[in-house]
Amino acid sequence: MARFTGKVVIVTGAASGIGRATALHFGREGAKLVLADLDEEKLTNVAGEIGAEAAAKITDVGDYSACEALVAFAIERFGRVDVLVNNAGRDHLGRLDEGDLSDFTKIIEADLYGVVHMSRAAIKALRETKGCIVNTSSVSGIGGDWNHSFYCAAKGGVTNFTRALAMDEAAGGVRVNAVNPSLVYTPFTKGMQDQPDLVEAFETRIPMGRGAKPEDITGPILFLASEDAHFVTGVNLPVDGGLSASNGQPKLS
């Protein structure tokens with residue numbers, strides 16, 4: 001299948017995890033890739049796995065001028081932008097009065113400002129191609145988590161920003177959607193994976209009985225970016241093994 005032949009795709013947070021898997025999947029389907037991250041070595045390796053149709057650029061999505069430079073780089077290299085995947089982000093665990101408020105700033109800059117910055121930087125190019133945006137939000141952007149208030153605030157912002165931007169851009173042909181995963185086994189969640197009791201609790205709560213692999217998330221991302229989803233916009237799609245289908249009550253027998 002080559003749904004993205006001739007299409008130019010920007011993926012942020014592409015050095016590892018969901019971003020890496022997404023970039024590789026787009027590459028297999030014919031896309032030209034512009035990859036962004038702060039980890040230069042890993043990012044270069046991912047671009048090398050894809051080949052000549054991939055270009056890498058170190059980018060801090062919390063810096064709007066860097067996002068503008070990334071979009072300009074994509075247009076200079078490949079002539080257009082068809083798809084933007086806003087995947088870069090970070091996490092923070094702790095109660096509201098633990099740690100420093102700078103932790104909140106870091107989360108908002110990476111997880112929420114990064115989405116807003118990249119979307120704003122790319123929107124004119126996407127209007128020209130009638131392209132689309134796919135954001136990586138989270139089930140933490142749909143409901144709350146214990147000890148995760150900073151992250152939930154950021155992802156809640158991404159979730160509703162997705163809806164609002166989709167409404168603003170629909171008439172011009174730009175679609176905006178998001179995927180909302182739960183636990184995904186990536187370097188991003190290593191701290192959780194190092195806690196067997198926590199992993200077991202997740203696996204008990206997820207009807208499919210396990211967390212996701214990065215490749216479990218890429219299919220929905222590519223679907224939302226493809227012409228198969230040409231009448232889908234403003235959607236926050238849980239990709240969580242059925243976790244959000246539950247009302248939170250314990251398993252009955």
Next item on the list: Please find the FRET efficiency linking residue 45 to residue 227, where r is the Cβ-Cβ separation and R0 is fixed at 35 Å, and quote it to the nearest 0.05.
Entry: 0.70
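Say the cut-off is 30 Å between C-alpha atoms; which of 106/213; 106/251; 32/213 go over it? Numbers along the way, then the final one.
Values: 106/213 26 Å; 106/251 37 Å; 32/213 24 Å.
As for pairs spanning more than 30 Å Cα to Cα, those are 106/251.
Can you send over the carbon and sulfur percentage of the accessible area for the chain, probe radius 1.4 Å, protein chains only? Mind dumping the intermediate values first?
Values: 6600 of 12450 Å².
Its accessible area is 53 percent carbon and sulfur atoms.
By how many nm would the segment from residue 28 to residue 147 lengthen if fully extended, with 0.36 nm per residue of separation less the alpha-carbon distance? Mind dumping the intermediate values first?
Numbers: separation 119, 0.36 × 119 = 42.84 nm, distance 3.85 nm.
Net length gain for the segment: 39.0 nm.
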Item checked: Per residue accessible area in Å² of the range 8-242, where ligands, DNA and RNA are left out and the probe is 1.4 Å -> 46
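Give the longest segment of the chain that steers clear of trypsin sites (Lys or Arg not before Pro) in DSSP loops with at most 14 neighbouring Cβ atoms within 10 Å, not counting the sites themselves.
Working: sites that count: 95, 130, 210, 251.
The longest such stretch corresponds to 1-94.
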Notebook entry, point to check: For labels at residue 130 and residue 171 in the simple 7 Å Cα→Cβ model, what's the distance in nm?
Noted result: 1.7
Item checked: Pairwise Cα inverse-distance average, inverted: Kirkwood Rh of the chain (Å) -> 18.3
Next item on the list: Can you run the Rg to Rh ratio on the range 85-206? Use alpha carbon positions and the Kirkwood inverse-distance Rh.
Entry: 1.03
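Assuming R0 = 35 Å, can you tell me the calculated FRET efficiency for the pair residue 120 and residue 197, based on Cβ-Cβ distance, to the nearest 0.05? Walk me through the numbers on the way to the answer.
Details: r = 42 Å, r/R0 = 1.20.
Given R0 = 35 Å and the Cβ-Cβ separation, E is 0.25.
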Notebook entry, point to check: What is the spread of the Cα atoms of the range 179-253 along each of their three principal axes, largest first, in whole Å?
Noted result: 41, 33, 16
Notebook entry, point to check: Roughly how big is the range 8-242's charge dipole about its Cα centre, with Cβ charges of +1 (Lys, Arg) and -1 (Asp, Glu), in debye to the nearest 20?
Noted result: 660
Next item on the list: With a point put 7 Å past each Cα toward its Cβ, work out how far residue 76 is from residue 247 in nm, to one decimal.
Entry: 5.7
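In the range 12-120, how does Rg compare with the Kirkwood Rh, expressed as the Rg/Rh ratio over alpha carbon atoms? Don't jump to the answer; show the numbers that get you there.
Numbers: Rg = 14.6 Å, Rh = 14.4 Å.
Result: Rg/Rh = 1.02.
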Checklist line | Calculated [θ] (222 nm, deg cm²/dmol) that DSSP helices of n ≥ 4 give over the chain, each run adding -39,500 (n - 2.57) | finding: -13500 deg cm²/dmol
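The values are calculated or read from the model by the stated rules, or taken from the named source; none is laboratory data. What you see is a predicted model; the values in this text were computed from it and never measured. In this analysis, Cβ positions are derived from the backbone assuming ideal geometry, glycine residues included, and neighbour counts consider all displayed protein chains. Only protein heavy atoms, including side chains, enter the accessible area calculation; ligands, DNA and RNA are left aside. Shrake-Rupley method; radii C 1.70, N 1.55, O 1.52, S 1.80 Å.
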